[in-house]
Amino acid sequence: MTDRQLPAWADPSVSPASLDPQGLSRRGLLRGAGLFGAAFALGAAASPASASPASASPGRDDPRLAYVVGDHHVHSVYSHDAKYTFSQLAAAGAEYGLDWMVFTEHSNVGHAEFGARLEHREILKARAENPRQLIFQGLEWYIPAAEHCTVFTAPGPHEVDLLTRFESAYDGKLLGYTDGSTDGADTARNEAHAVKAIRWLAEQRRTGYVDDVLVLANHPMRLGIDSPHELRNWRDAAPEIMIGMEGAPGAQGAALPGWRGSASIRGEYENQPSAQSWPGYPADAYVTYGGFDWATATVGGLWDAMLAEGRLFSITTNSDAHRIVFDTWKNGDWPAGQNFDNTGRLPDPVNTDTPQPGSDFWPGQFSRTHVGVTRYGYRAVMAGLRAGRVWLDHGHLLDGLEVRLRRACDHGRGVTLGGRLRVRKGEKLTLDVTVTSTSRPNPQGILPELAHVDVIRGAVRGAAADRDSWRAPDTRVVATKDVGGRKGTYTLRIPLTAGDESFYVRLRGSDGNRHGAGYLGAAVDPHGPVPHEPGNGDPWADTWFYSNPVFVDVAGA
């Protein structure tokens, strides 16, 4: 892959006068990290796939980072249920400030036979014509026995071949390896095939057939068919490949008041438990909390139960763009004799004067995943995701977030998101949280204001004895910082003490508009996200940020 051009905000040859306030803010963050100019180098070969993440070297300072913004779950006319052309979506991503995007079309006979290669031609053209934007090709995999995953690769000669081979051999929908019916579903076989699929991807990376490949579970609680043991099995099959899940789904516009229906929930999470849902989930798990999946939003819940094993499992957010709220485009008509199965592509959409049904926002319009990198390129983004250097926000709540955990007596940089710090029992630590407030109105015309930052701490107890456990009983909010009215860039310094056992800390915060006692009670989470009334979930009025954890390994624990 040839070298990329830096994004405008990172390119010192671009005049500051040509940048908007957020671009200037991001440039300032880059300069503050000591990476502006030549230090923030180009090159697809940066951060090679074989490099170990920072978490593999506890005790060392992590590098300085710049955060690039992206979306790993986007659908175009190459998905049977979407609407927009590749060009429309790529242009929208650029408009809303995305540095990287992953096109993840649904598995389908037409996609495997025709669509993947047709889209690949468009992606190659886009990479050549707009080298400032990183465009990945991916797939939305129907997981055997479960829901969906994003699968995507680094650019290279075999990227589309790997995706279509994987789709044909391992897709649950194409194989009929789903548990969509209680009649005759071979659940054990289907679950085993999902694990085999992830191991196959790992082998393609190990042998060098592709430079890199990553997998993330999509909307895990939408149907409740991703059981805790399946999530653990996928992670354990190849933790360097299966790196995490959507902490917040797309379809965030589904419950705009008066728009889609009186039963609508953000994320299109209006599904009730079915015969296929894992029976151990409570009924309250099937809605979103502040727009976030119950598995992530519940302090002491499923995400924390996985982190409590002492192993990184990342979260992300994205648009899942299919049909944009209030948009006036509709699907075009099929020519005689054509359909998705024999073309792999929908007809181009047609503009109208009437808003069409939709639940989604454009890529980057509302949901953003921020990935910490030291260089700009495809493999650098993938390496940052694998290392867990990730935070996410809704509604453009923040311009920047930098997190460092260090010994109180140490004036080094410490470790950042996804990393590990090795300490002694009783050692004093400092958690530095540097926030850069939003510098311009978001796409809704609102200037967001962060109201509070919560520090969440959980004990690390090792591998779960019960692989279907979704509780982390020793995880709770341990500090809350009121930051309402603070502007610009500021640092919160939060003291921590290492106890008898290893632990992790993660961050969360919101605009303060809607919160209450968390799902497991006020003693665990005194002011967490809460569900909205069906049909009355304005996402712009309830925005949150979440960060990945930092782990602390206590010697002798």
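The values are calculated or read from the model by the stated rules, or taken from the named source; none is laboratory data. No experiment lies behind these values; they were computed from the predicted model shown. When we count neighbours, we look across all protein chains shown, and the Cβ atoms used for this are built from the backbone with ideal geometry, even at glycine. Heads up: the accessible areas ignore ligands, DNA and RNA and are worked out on the full protein's heavy atoms, side chains in. Shrake-Rupley method; radii C 1.70, N 1.55, O 1.52, S 1.80 Å.
What the table below lists for this structure:
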read-out: Cα shape, region 297-360, gyration tensor, a/c 1.5 rule; value: oblate
read-out: Helix-only [θ]222 nm of the chain, DSSP H runs n ≥ 4, -39500 (n - 2.57) each, per residue, nearest 500; value: -5500 deg cm²/dmol
read-out: Extension gain, LYS196 back to SER168 (0.36 nm per residue minus Cα-Cα distance, nm); value: 8.7 nm
read-out: Contour excess over end-to-end distance, with Cα ends at ASP284 and ARG206 and 0.36 nm allotted per residue; value: 24.0 nm
read-out: Overall form of the chain per C-alpha gyration tensor (a/c, 1.5; a/b vs b/c); value: rounded
read-out: Beta bridge orientation in the chain: antiparallel %, DSSP, nearest 5; value: 75 percent
read-out: Karplus (6.51, -1.76, 1.60) ³J(HN,Hα), θ = phi - 60°, over region 131-142, in Hz, Gly and Pro reported as x; value: x, 6, 9, 8, 10, 9, 9, x, 8, 9, 7, 7
read-out: Estimated FRET transfer efficiency (PHE326, ARG60; beta-carbon r; R0 51 Å; 0.05); value: 0.55
read-out: Sequence-distant residues sharing a close amide H with TYR289 (under 5 Å, placed H); value: TRP294
read-out: Number of Lys pairs (Cα under 28 Å; 8 or more positions apart or on different chains) in the chain; value: 8
read-out: Cα gyration tensor shape for region 404-474, rounded if a/c is under 1.5, else prolate or oblate; value: oblate
read-out: Rounded accessible area per residue of region 258-349, 1.4 Å, Å²; value: 36 Å²
read-out: ³J(HN,Hα), Karplus 6.51/-1.76/1.60, whole Hz, each residue of region 355-366, x for Gly, Pro; value: x, 9, x, x, 10, 9, 10, 5, x, x, 5, 10
read-out: Peptide ranges 464-474, 228-238 listed from the most packed, as the mean C-beta count within 10 angstrom indicates; value: 228-238, 464-474
read-out: Residue-by-residue Karplus 3J(HN,Hα) for region 214-222, coefficients 6.51, -1.76, 1.60, Hz, glycine and proline x; value: 9, 9, 9, 6, 9, 5, x, 9, 4
